[in-house]
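To start, the structure under review is shown below, and the notes come after it.
The values are calculated or read from the model by the stated rules, or taken from the named source; none is laboratory data. Worth saying up front: this structure is predicted, and the values here are computed from it rather than measured. Ideal geometry is used to build each Cβ from the backbone, glycine not excepted, and the neighbour counts take in all protein chains shown. When the accessible area is computed, the model is the full protein with side chains, heavy atoms only, and any ligands, DNA or RNA have been set aside. Shrake-Rupley method; radii C 1.70, N 1.55, O 1.52, S 1.80 Å.
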Amino acid sequence: MTEIGRLLGAGKEAEVYEHGTLALKLYRPGRPKAPAFREAANLAVAEALSLPVPRIHVVGDYHGRWGLLMDRAPGTSLADEMLPEPPLSAIKEMAALHQRLHREPGTGLPSLKARLSIHIRQAKDLQHTLRDRLLADLQALPDGDRLCHFDFHPWNILGAGSDTTIIDWLDACSGSPAADVCRTYLLLRRALPSIAEAYVVTYAKGSDISSEKIFAWLPVISAARLAENVPEENEDLRHLAALAPVKE
């Protein structure tokens with residue numbers, strides 16, 4: 001049996017290790033098996049669409065932790081090119097890759113709007129009137145049937161050119177590309193604030209979706225993010241969620 005090797009990366013939900021020539025993504029101790037199987041299923045959908053994703057080999061229990069054994073993505077993350085000063089070429093590369101995903105159907109993936117609705121209901125510290133307004137606004141926003149990654153940021157883009165690989169597909173869903181781009185904006189707003197708005201503008205210029213349509217999702221995307229319990233973000237998220245227009 002191949003031994004688990006060195007740590008390649010870590011996030012809130014999981015850690016990734018070398019495992020021979022492959023990579024082993026292990027969810028945190030105590031996490032149930034469902035996320036591992038869900039991410040494997042999402043990756044199978046993306047692989048069938050010939051998107052640049054790691055191929056899954058095994059889903060299993062590794063020393064009491066559920067994990068995915070998959071192809072190891074080559075190269076460093078796109079984020080390395082964006083620090084300390086992001087070049088416009090890297091922003092354009094990321095936007096073009098995002099647009100490539102959005103050209104594909106989200107068939108077989110869960111509904112983006114349904115997920116947002118659940119998370120808004122779970123979000124703490126939202127006044128009842130604001131929560132009701134956000135849920136109503138969510139229903140009024142246009143639906144979609146495109147493949148959405150929903151965790152699309154430079155640290156999840158590895159390699160370059162023909163060797164580019166997009167990782168971390170746990171949150172993939174079917175919905176509006178505008179919502180997916182807005183989610184990326186929200187993630188960049190915290191991690192790389194200098195390019196967050198530029199990313200939206202760059203994506204919009206290369207698509208038929210305006211920046212205004214993307215930012216229309218910001219209150220509901222922010223409110224849903226509150227359910228993920230990232231304490232250092234909560235104050236800003238509550239502020240953004242409160243930007244939901246008041247219906248007269």
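Observations on the model:
- Across region 1-67, counting alpha-carbon atoms alone, Rg and Dmax equal 12.0, 33 Å.
- Candidates His149, His98, His63, ranked by Gaussian network fluctuation over the chain, Cα under 10 Å, top entry: His63
- Projection of the Cα convex hull of the chain, averaged over all directions and equal to a quarter of that hull's surface, yields 13.6 nm².
- Computed 3J(HN,Hα) for region 150-161, one whole-Hz value per residue from the Karplus formula 6.51 cos²θ - 1.76 cosθ + 1.60 where θ = phi - 60°, is 6, 8, 8, 8, x, 6, 9, 10, 10, x, 8, x, glycine and proline marked x.
- In whole angstrom, region 5-128 maps to an equivalent ellipsoid with semi-axes of 24, 24, 18, each derived as √(5λ) from the alpha carbon gyration tensor and ordered largest first.
- For region 10-81, the fraction of 1.4 Å probe accessible surface lying on carbon and sulfur atoms is 55 percent.
- Region 87-224 shape via C-alpha gyration tensor axes, a/c threshold 1.5: prolate
- Exposure check, 1.4 Å probe, all protein chains in place: Glu15 carries approximately 30 Å² of accessible surface.
- Long-range amide H partners of Tyr62 with built H, under 5 Å: Gly67
- Placing a label point 7 Å from the Cα of Thr2 along the Cα-to-Cβ direction, the residues of region 33-74 with a backbone N closer than 13 Å are 55-59, 68-73.
- Fraction of C-alpha pairs exceeding 12 angstrom in region 121-161: 74 percent, rounded to a whole number.
- When the chain is treated as a Gaussian network with alpha carbon springs shorter than 10 Å, the biggest mean-square fluctuation among Ala198, Ala179, Ala73 belongs to Ala198.
- In the chain, helices alone account for a calculated mean residue ellipticity at 222 nm of -12500 deg cm²/dmol, with every DSSP H run of four or more residues adding -39,500 (n - 2.57).
- Spacing of the modelled spin labels on Ser89 and Lys12, each 7 Å from Cα toward Cβ, amounts to 3.3 nm.
- Karplus-derived 3J(HN,Hα), 6.51/-1.76/1.60, for each residue of region 181-186, Hz, glycine and proline x: 5, 5, 4, 4, 4, 5
- Pairs spanning more than 20 Å between alpha-carbon atoms, out of Lys25/Lys92; Lys92/Lys205; Lys113/Lys213: Lys25/Lys92.
- Trypsin sites (Lys or Arg not before Pro) restricted to region 116-200 and DSSP loop, no more than 15 other C-beta within 10 Å: Lys124
- Gaussian network model of the chain, springs between alpha carbon atoms under 10 Å - residue of Ser176, Ser50, Ser222 with greatest fluctuation: Ser50
- Derived scalar couplings between HN and Hα for region 131-145 equal 4, 5, 5, 5, 5, 5, 5, 4, 5, 7, 5, x, 7, x, 10 Hz in order, rounded to whole Hz, by the Karplus curve 6.51 cos²θ - 1.76 cosθ + 1.60 (θ = phi - 60°), x for Gly and Pro.
- Glu232-Ser50 FRET efficiency (beta carbon distance; Förster radius 41 Å; 0.05 resolution): 0.60
- Other residues lying with their Cβ under 11 Å from the Cβ of Leu8 contribute a combined charge of +1, Lys and Arg counting +1, Asp and Glu -1.
- The apolar share of the surface of region 119-248, taken as the fraction of accessible area on carbon and sulfur atoms (1.4 Å probe, ligands and nucleic acids excluded), comes to 50 percent.
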